[in-house]
């Protein structure tokens, strides 16, 4: 989180970034970081997590998971997940949805049926153009809705 904080501080210091429109997106482990940073930084307006792992074994490198910080979110997060993702089982995604609902957080989860992990990686066999395009459009609309774009 300190690396992202330093990046945000640097961007603010350039005078070229609009710090009032801070958003975050990431893919895979970057998607995991979206959840964690949206719970960490109160200046984040919105986040979009693309198939980010939700439940690593907790250790020194990964002290918390997305599910652990659902109640601490300071910004709404859109989570985009594949229904056929062997890395992130749908059961984990549903557990996160339940945690978000219990915490009354205005986040949203989209599960694309029969879609694998890394469905937006157009250089991999897992690429699914329909889900990728829909996810991209949802991301843009999400950022617009929450004042990032």
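Working note: 222 nm ellipticity from helices only, DSSP H runs with n ≥ 4, each -39,500 (n - 2.57), summed and divided by the residues of the chain, gives -12500 deg cm²/dmol to the nearest 500.
Treating each Cα of region 101-144 as one equal point scatterer and applying the Debye formula with no solvent, the log10 of I(q)/I(0) at q = 0.15, 0.28 Å⁻¹ comes out as -0.46, -0.99. As a proxy for reagent exposure, ranking 136, 142 by other Cβ atoms within 10 Å from fewest up yields 136, 142.
What list do you get for 126, 107, 2 if you sort them by fewest beta carbons within 10 Å?
Numbers: 126 17, 107 23, 2 7.
Lowest to highest Cβ neighbour count: 2, 126, 107.
Could you identify which residue out of 34, 48, 110 has the top mean-square fluctuation in a GNM of the chain using Cα springs shorter than 10 Å? Among 34, 48, 110, the largest GNM mean-square fluctuation belongs to 110.
DSSP beta bridges fully contained in the chain are about 0 percent antiparallel.
To make sure I understand, if each residue's beta carbon is the centre and we count other beta carbons within 10 Å, what order do 123, 81 fall in, fewest to most? In order of increasing Cβ crowding within 10 Å: 123, 81. When the inverse distances between all different Cα atoms of region 62-149 are averaged and flipped, the Kirkwood radius reads 13.9 angstrom. Applying Stokes-Einstein at 20 °C and 1.002 mPa s to the Kirkwood radius of the chain, computed over alpha-carbon pairs, gives a translational diffusion coefficient of 138 µm² s⁻¹.
Bear in mind these aren't lab numbers, they're just calculated from the coordinates by the rules spelled out. Model, not experiment: these values are computed from the prediction. All Cβ positions, glycine included, derive from the backbone under ideal geometry; neighbour counts span all protein chains shown.
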